[in-house]
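The values are calculated or read from the model by the stated rules, or taken from the named source; none is laboratory data. Just so it is clear, the structure is predicted and the values come from calculations on it, not from any experiment. Quick reminder, even Gly has a Cβ in these numbers, built from the backbone with ideal geometry, and neighbours come from all protein chains shown. These area figures cover heavy atoms from the full protein model, side chains too; ligands, DNA and RNA do not enter into them. Shrake-Rupley method; radii C 1.70, N 1.55, O 1.52, S 1.80 Å.
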Amino acid sequence: MSGVDGFKEKNKVKVTWEQFQVWQRWDEFPERKDNPPMTVDMTFVYVDEVFYLNTINKKYVILTGDWKPVAEDDNFLKLLNTPISEWSGKSFCELIEQLYFIN
């Protein structure tokens, strides 16, 4: 499936929560179970809108396509479980199977 906007030529992939954890290599950091690191920043699409998962000023953030923060936290796992008002109060974790990651 093709991407949207500036990502028309990119592939989009879906992942499960378990695949996401493998992608982030959390198994390599068992001592950080409560706050695993973000080892891969990413771009993803939800309801035809582009978002970014990144770090800014030592915080983990979810950003809009315009680089406006929609959520941030010092703890990566908490960020992924934070309800996002723009997503009808659903979290990244809850919606992961509806997100398309830019490959």
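Numbers below:
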| item | result |
| --- | --- |
| Failed item in (1) at pLDDT 95 or above; (2) farther than 17 Å from residue 25 by Cα, with residue 57 passing the rest | (1) |
| Residue ID - most open to solvent (accessible area, probe 1.4 Å), chosen from residues in the stretch 35-56 that are in a loop (DSSP other than H, G, I, E, B) and closer than 17 Å to residue 91 by Cβ | 47 |
| Residue under evaluation residue 66, criteria (1) more than 20 Å from residue 16 (Cβ to Cβ); (2) part of a strand (DSSP E or B), criterion not met | (2) |
| Residues that are surrounded by 14 or more Cβ atoms within 10 Å (Cβ to Cβ) and of a type in the set (Ser, Thr, Tyr), drawn from the stretch 57-87 | 60, 82 |
| Any pair with Cβ under 8 angstrom, 6 or more apart, that starts in the stretch 76-88 at a residue that is within 16 Å of residue 64 (Cα to Cα) and ends at one that is open to solvent by less than 10 Å² (accessible area, probe 1.4 Å) and part of a helix (DSSP H, G or I) | 79/92; 80/92; 82/92; 84/92; 87/95 |
| Residue, most open to solvent (accessible area, probe 1.4 Å), within the stretch 88-97, restricted to residues that are in contact with a Pro (Cβ under 9 Å, 6 or more places away or on another chain) and not in a helix (DSSP H, G or I) | 90 |
